[in-house]
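Please read the structure below before turning to the comments.
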Amino acid sequence: MPAIRRSAIKAELPAPAHSPEGGLSVGYLLGRARASLLSGLDTELAPFGLNGMQYAVLKHLGEGAAQTAADLCRFMYYDTGSMTRIVDHLEEKGLLRRERCREDRRVVFLRVSPAGRAQLPRLRAIGTRVLENHLAGFSAAEIDTLRRYLGRMIDNGELKNGKMTEGDSQHGRKP
């Protein structure tokens, strides 16, 4: 029987996106920062059987930023199919429950369960620790500057996309 020849294929990472000036682009760096934060969350939340996106759903529901899966999709810019899977997983773990609206049976509210509420302080502490690890070495002034710059970017995007008008700054942008 002839020997099967296999060539070693090395997985190569794609070259980073560079700006014309030769440095890394802002968009690329923002994406990498987000991915790094989520990866850190995934690692730290693994003992709880959760990942970063599942934590974000619980956090936003617990803070009242969203009440339905549709709210979460709009708030987190996530697709409905993926959100349904996240909600299903959290419901299976007993961390949230679905509740039909009495006035409109088509609406399903998402409520953090007592078990979910009991977990949230520990989960928030993990989220805070991961963020602090990513901001290690930054001064308080640098963190404030970063916060303002990111807020301005968000406001600029929302203004451009018609989600707000001049003077409606959500993130500290001065029109």
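The values are calculated or read from the model by the stated rules, or taken from the named source; none is laboratory data. It should be emphasised that the depicted structure is a prediction, and the values quoted were computed from it without experimental measurement. Backbone-built Cβ (ideal geometry, glycine too); neighbour counts: all protein chains shown. In case anyone asks, the SASA skips ligands and DNA or RNA and just uses the protein heavy atoms, side chains included. Shrake-Rupley method; radii C 1.70, N 1.55, O 1.52, S 1.80 Å.
Report yes if residue 142 is assigned to a helix (DSSP H, G or I), of a type in the set (D, E, K, R) and crowded, with 16+ Cβ neighbours inside 10 Å, otherwise no.
The answer is no for residue 142.
Residue 166 meets all of the listed conditions (1) open to solvent by 70 Å² or more (accessible area, probe 1.4 Å); (2) among the acidic types (Asp, Glu); (3) modelled with pLDDT of 95 or more but one, namely (3).
Quick check: is even one residue across the stretch 39-51 of a type in the set (Asp, Glu), at pLDDT 95 or above, under 21 Å from residue 127 (Cβ atoms) and buried (at least 18 other Cβ atoms within 10 Å of the Cβ)? Walk me through it before giving the result.
Restricting attention to the stretch 39-51, the residues satisfying the condition of being of a type in the set (Asp, Glu) are 42, 44.
Of the ones still in play, those that are also at pLDDT 95 or above are 42, 44.
Of the ones still in play, those that are also under 21 Å from residue 127 (Cβ atoms) are 42, 44.
The next check asks that each one be buried (at least 18 other Cβ atoms within 10 Å of the Cβ); those that pass are 44.
Scanning the stretch 39-51 turns up at least one residue that is of a type in the set (Asp, Glu), at pLDDT 95 or above, under 21 Å from residue 127 (Cβ atoms) and buried (at least 18 other Cβ atoms within 10 Å of the Cβ).
Which of the residues that make up the stretch 123-151 are of a type in the set (Gly, Ala, Ser) and touching a residue at least 40 places away in the same chain (Cβ under 8 Å)? Spell out the reasoning first.
Initial filter on the stretch 123-151 (of a type in the set (Gly, Ala, Ser)): 125, 127, 136-137, 139-141, 151.
Scanning the stretch 123-151 gives a single hit, 127.
Could you tell me whether the stretch 93-116 includes any residue that is assigned to a helix (DSSP H, G or I), within 18 Å of the chain's Cα centre (by Cα) and either over 22 Å from residue 52 (Cβ atoms) or touching a residue at least 24 places away in the same chain (Cβ under 8 Å) (or both)? Please lay out each step first, then the result.
Start the filter on the stretch 93-116 by keeping residues that are assigned to a helix (DSSP H, G or I), which leaves 114-116.
Narrowing further to those that are within 18 Å of the chain's Cα centre (by Cα): none.
No, the stretch 93-116 has no match at all.
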